Every structure is written in structure tokens, then in C-alpha cells.
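Quick note: the coordinates plus some simple rules give every number you see, no bench work behind them. This one's a predicted model, so the numbers in the text were calculated from it and none came from an experiment. All Cβ positions, glycine included, derive from the backbone under ideal geometry; neighbour counts span all protein chains shown.
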Amino acid sequence: MGKPKVYVTRLIPDQGLDLIRQFCDMTLWQDDLPPPRDVLLRETHDADGLVSLLTDSIDPELMDACPKLRVVSNMAVGFDNINVSAATERGILAGNTPGVLTETTADFAFALLMAAARRIPEGVAYVKAGKWQTWGPMLLMGPDVHHSTLGLVGLGRIGAEMAKRARGFDMRVLYYDVFRREDLEQSLGLTYAPLDDVLAQADFISIHTPLTPETHHLMNRDRFSKMKSSAILINTSRGPVVESDALLEALRSGQIAGAALDVTEPEPLPADHPLVSLPNCIIVPHIASASAATRGQMAEIAARNLIAGLKGEPLPSGLNPDALGHGRSALPKDW
Ligand code: GLV
């Protein structure tokens, strides 16, 4: 009997690839850019399993183009690129990689907050441009981070870790989430407030929600108008949670003071997009979970999810356990 056929949509760390190779007949897309849609549809037609990234749209068309597909394993915590209910209807198991990236991502969100507040990229550019002539009593001044107020929009795993970091800087931490977390209010000293109040009071707003129809353009013109003119927005969640045009307008008009974005709308943001050249906007290429250790662990979890799904076992990190034993995941295997 052969091995199950799987398609991996990009080169991922060996911690995952080595496991996949042991158990599967793997086809690996080796380009730096994601496989184009037609390639993905063609190459996956006989796949039993798929390791996808957030850059791959896993929709009903794709699911129907690969009739043997039993498992889609996304190497990311976010899974807005997968139509999970369509997968469940077909009995296709879906998995993600939460947990291992929580602290790494919070570290990065806090780094963006610090970089924007203390104007680090502007300082680096100043030195590189040969402008540094002397110590300047008023050069590149910014707001203090310590003892300021952080507003968290979304208090999941990553939001809670961000709160911990903020407490180390003696920040007051407010949060808004659709789920109130009184346990974390107690243990981390957080204050719950309605979204508009969080926006009105915070010096820094950090977004930690998944992208869903409810959070799409959560940060829009109206929401920016509620923020302090001195406030800085940090986004490490998903780009479309923030409406790009509204952010551009808010930054240009001084409605808010700055932004630091790991994720953008659209993504990637073209180099000639007006947000890129604004001095009060820091943009980095979706790297918040990119520590070597974390990316290795994400690849390993993605591999373990894939292999469990191929075996017809519950995924270590499954998004739709209800799909197990139904539809595709219940079909006889021909490998
Ligand atoms: C990255 O954005 C992830 O969802 O893991």
C-alpha cells in the first residue's frame, strides 16, 4: 500500500516537513510566492491532505476540485482563509496552530508599540540618512509608554499576553471583547469597558481579534473619531479588521498620532501605497509569529494535524471535530 498524497503550499520548517515525509507522499511548492490559484487547483486534484498557509484560499471550489481531500492543515492560528463550514459539510477535517505563537506574537505587538511610541524606525532612518549632527534636546520626542493606558480590542490568548507585558510597564490596561473575562480582570488587573470607552481612553490601541464578518472593518472612520489624537494603533491580527482608507485619513489628518501594522489591507501592501510613506506609520510584513522556534513548532503542529486527519483521528488542534467520521473523512482509504 502506498502513502497518502499530500500537497504543501510552501517551504515550511523541517520540524514539520520531516514528519510529513515519513508518513506521506509529499508534493511541495518551493517558490517564495504562494502557488497561483490554477496551480493549486490542478496540483491538489488527487491529494488526500493539504498543508495550507494564510495566503491560500481554501474554499468550496478547491474542496470540490480535490475529491479525496480529507484534511486541511493550516500553518497559522488564524483560519479566515478556510471555509470551515464548507469543510465540515464535506467531512474534511481542518486544523490550525494555536498556542505556540501566543507569546511570540505578543512580544512582537509590544515591540511595535514601543517602536511607534519611541519613533525607532524614524531614528534609524535619520542616522542612515546622515542627518545625525549632534544630541538634540527635542529630537524625535514621543510619548512615554510606562504609566500610559493600553486598550486591548480582543482578549484572547494573544491579547492576554499583551496585557501581561503592559503590566510590566505599569500601564493601565482596558479591554473590550464580546466575551467578558472576569478571571483575567482579576489575575491581570484589567478593566473591561465598552469599545467606545476603550477607544476614547487609551493611549495605545492594540487589536487582537480574529477576522470574521463581525470584525471586518471594526476600525473604521467612526471608530477612529472616538480615539485620542495622541493615540497609536497597533495591529497584529488581520489586515481587514482595520479599514485602510479610514486609517490613512486618520493618520493624515491627525485624528490619531500613529500606527504600527504587522498586517494590512490589502496584504501585501504595495510599496507605493500611501500608508507606506507616512512617517507616522510603521509597516512590517506579517512577521509577528516569526521567531525560529515558534515557526518550527507551528510547522510541527501543522504536520501532526495533517497526519492525524489522514489516519482518521481527532486533530491535536482541530477546528471542526464534528467532521470526523463523516463524508470524506469516513471514506475508505486507497493507500
Ligand atoms: C498568523 O498570522 C497566524 O494566524 O498564525
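Tabulated data for the structure shown
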quantity	calculated
Karplus-derived HN-Hα couplings along region 135-150 (A = 6.51, B = -1.76, C = 1.60, θ = phi - 60°), whole Hz, x at Gly and Pro	6, x, x, 10, 6, 6, 6, x, x, 6, 8, 4, 6, 8, 10, 9
Built amide H within the under 5 Å cut-off of I234, gap 5+	I205, S206, I207, A260
Cleavage-rule hits, trypsin sites (Lys or Arg not before Pro), region 81-127, DSSP coil, Cβ neighbours within 10 Å at most 16	R118
Ranked T264, T102, criterion: other C-beta atoms within 10 Å, fewest first	T102, T264
Calculated diffusion of region 217-276, Stokes-Einstein form, Kirkwood radius summed over Cα pairs, 37 °C and 0.692 mPa s, µm²/s	289 µm²/s
Pairwise Cα inverse-distance average, inverted: Kirkwood Rh of region 102-283 (Å)	16.6 Å
Restricting region 171-222 to GluC sites (Glu not before Pro) in coil, as DSSP defines it, with at most 11 other Cβ within 10 Å	E214
Gyration tensor (alpha-carbon) shape descriptor, region 96-149, a/c threshold 1.5	oblate
Hits among lysines - C-alpha to C-alpha of K228 under 29 Å, sequence gap 8 or more where chains match	K164
Bridge type composition, region 102-283 - antiparallel percent by DSSP, nearest 5	0 percent
Ranked list, fewest to most other Cβ atoms within 10 Å of each Cβ, for W335, W29	W335, W29
Estimated Rh, region 1-143: Kirkwood, alpha-carbon pairs, angstrom	18.1 Å
At 1.567 mPa s and 4 °C, Stokes diffusion of region 110-210 via Kirkwood alpha-carbon radius, µm² per second	88 µm²/s
Whichever lysines have a C-alpha closer than 29 Å to that of K3, once near sequence neighbours (fewer than 8 apart) are set aside	K68, K311, K333
Relative intensity, log₁₀ I(q)/I(0), of region 42-99 from a Debye sum that treats every alpha carbon as a point, q = 0.14, 0.26, 0.30, 0.31 Å⁻¹	-0.31, -1.08, -1.40, -1.48
Net charge over other residues, Cβ less than 12 angstrom from the Cβ of L93 (K, R count +1; D, E count -1)	+1
Residue-averaged [θ]222 nm for the chain, counting only DSSP H segments that reach four residues, each worth -39500 (n - 2.57)	-10500 deg cm²/dmol
Diffusion constant of the chain at 37 °C, which comes from Stokes-Einstein with the Kirkwood Cα-pair radius and 0.692 mPa s, µm²/s	154 µm²/s
Cα-based equivalent ellipsoid of region 33-74: semi-axis lengths in Å, sorted from largest, via gyration tensor	14, 12, 9
Rounded to 5, percent antiparallel among DSSP beta bridges of the chain	5 percent
Order of V71, V145 - criterion: other Cβ atoms within 10 Å of each residue's Cβ, fewest first	V145, V71
Estimated vicinal HN-Hα couplings, Hz - region 201-215 in sequence order (Karplus 6.51, -1.76, 1.60; Gly, Pro = x)	9, 7, 7, 9, 10, 10, 8, 9, 9, x, 8, 9, x, 6, 9
Cα convex hull volume per residue for region 162-255 (Å³)	94 Å³
Model label zone, S230; criterion: amide N under 12 Å from point 7 Å along Cα-to-beta-carbon; scope region 248-288	257
Amide H contacts under 5 Å for A76, placed H, 5+ residues apart	T97
